[in-house]
Amino acid sequence: MPGKPEWLRIRFQNSGQLKNTEDMLEGLGLNTVCHEAGCPNRLVCFNKKTATFLILGSLCTRNCTFCNIEKGTPLGQVDINEPERVAMAVKSLGLKHAVITSVTRDDLEDGGAAQFAGTIKKIREFSSATVEVLIPDLKGDMKALEKVARERPEIIAHNVETVPRLYPYVRPMADYDRSLGLLKKVKELDESIFTKSGIMVGLGETREEVLNVFDDLRRSGCDFLTVGQYLAPSSRHHPVKEYVDPEVFEEYRDEALNMGFKHVASGPFVRSSYEAADALHG
């Protein structure tokens with residue numbers, strides 16, 4: 001693994017809002033992807049009183065080699081009160097844009113779509129925040145996707161994560177074409193819903209492969225794009241093959257905008273939900 005360059009070293013000054021946010025989320029019994037996935041931006045986001053909520057528990061049924069979320073079998077368990085607690089947190093934090101994501105729940109018939117739909121509905125009752133849902137592939141079940149789209153979140157996101165050549169090593173239980181099909185189907189169900197996807201770089205992909213993914217996403221009607229540096233959570237995860245220079249991220253951003261994406265966030269620290277409101281609110 002190459003040594004970490006200087007531009008990937010975060011300097012952070014704490015504030016009291018961090019502890020207040022963490023205490024409130026803990027009191028409501030909520031998980032955040034910020035904590036569970038070890039996101040490098042979580043201190044920045046918490047200090048802005050924002051968070052990406054992780055619903056449907058903290059155990060994932062998939063075995064992606066890049067991810068720090070715990071793997072396991074939830075055995076069909078779903079917390080029916082979770083949507084209301086998320087909505088209460090969105091209101092208490094005063095969010096203008098709420099991001100809801102989940103572990104992958106292949107143990108559930110609809111992949112957790114009903115829980116996403118219920119959470120969107122509850123947020124609408126408690127807050128005027130715009131809503132972004134970052135969903136798993138739902139095993140390609142388009143009826144399940146309809147449950148989510150019917151609640152009309154402003155953004156439905158689903159990350160392709162990497163180039164198709166690396167799927168057997170990085171996302172062995174996922175399917176690249178299935179992910180593209182999910183994004184395309186959203187537009188068929190409701191063209192007013194923005195779609196979004198993200199890709200990590202530094203996993204061993206080539207520049208040409210990255211640009212081909214951009215092209216595939218645009219052909220699938222994807223509106224918003226994020227591109228970020230892959231950082232291995234531990235030595236047990238997929239190794240970092242390259243630390244991509246910040247100038248390359250700028251080039252990726254320019255290329256993607258030229259392809260027709262409406263908003264592109266591209267940089268070493270960019271994650272799919274980092275400053276997610278920018279695409280809608282500027």
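The values are calculated or read from the model by the stated rules, or taken from the named source; none is laboratory data. All figures in this text were calculated on a predicted structure; none of them were measured in a lab. Counting neighbours? That spans all protein chains shown, and the Cβs are built from the backbone with ideal geometry, glycine included.
A compact table of results
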| read-out | value |
| --- | --- |
| Identity of the residue in segment 123-155, touching a Ser or Thr at 6+ places or on another chain (Cβ under 6 Å) and crowded, with 20+ Cβ neighbours inside 10 Å, that ends up nearest to Glu191 (Cα to Cα) | Leu134 |
| Within segment 120-226, helices (runs of 4 or more DSSP H) holding 1 or more residues that are within 20 Å of His238 (Cβ to Cβ) | 167-170, 176-189, 207-219 |
| Checking Tyr243 against (1) assigned to a helix (DSSP H, G or I); (2) in contact with a helix residue (DSSP H, G or I) (Cβ under 7 Å, 6 or more places away or on another chain), the condition it does not meet | (1) |
| Residues of segment 179-203 satisfying the condition of being within 19 Å of Arg253 (Cα to Cα), over 16 Å from the mean Cα position of the chain (by Cα) and not hydrophobic (A, V, I, L, M, F, W, C) | Gly202 |
| From Glu154, Glu161, residue being acidic (Asp, Glu), in contact (Cβ under 8 Å) with a residue 40 or more places away in the chain and farther than 18 Å from Gly221 by Cβ | Glu161 |
| Residue match in segment 192-204 (condition: surrounded by fewer than 17 Cβ atoms within 10 Å (Cβ to Cβ) and modelled with pLDDT of 95 or more) | yes |
| Check on Ser266, polar (S, T, N, Q) and under 18 Å from the mean Cα position of the chain (by Cα) | yes |
| Candidate set from segment 247-282 (those that are touching a Ser or Thr at 6+ places or on another chain (Cβ under 8 Å) and in a loop (DSSP other than H, G, I, E, B)); member that is farthest from Leu134 (Cα to Cα) | Val270 |
| Test: residue in segment 220-232 that is modelled with pLDDT under 95 and either of a type in the set (Lys, Arg) or surrounded by fewer than 20 Cβ atoms within 10 Å (Cβ to Cβ) (or both) | yes |
| Unique match (being of a type in the set (Val, Ile, Thr), within 14 Å of Glu205 (Cβ to Cβ) and in contact (Cβ under 8 Å) with a residue 12 or more places away in the chain) among Val264, Val240 | Val240 |
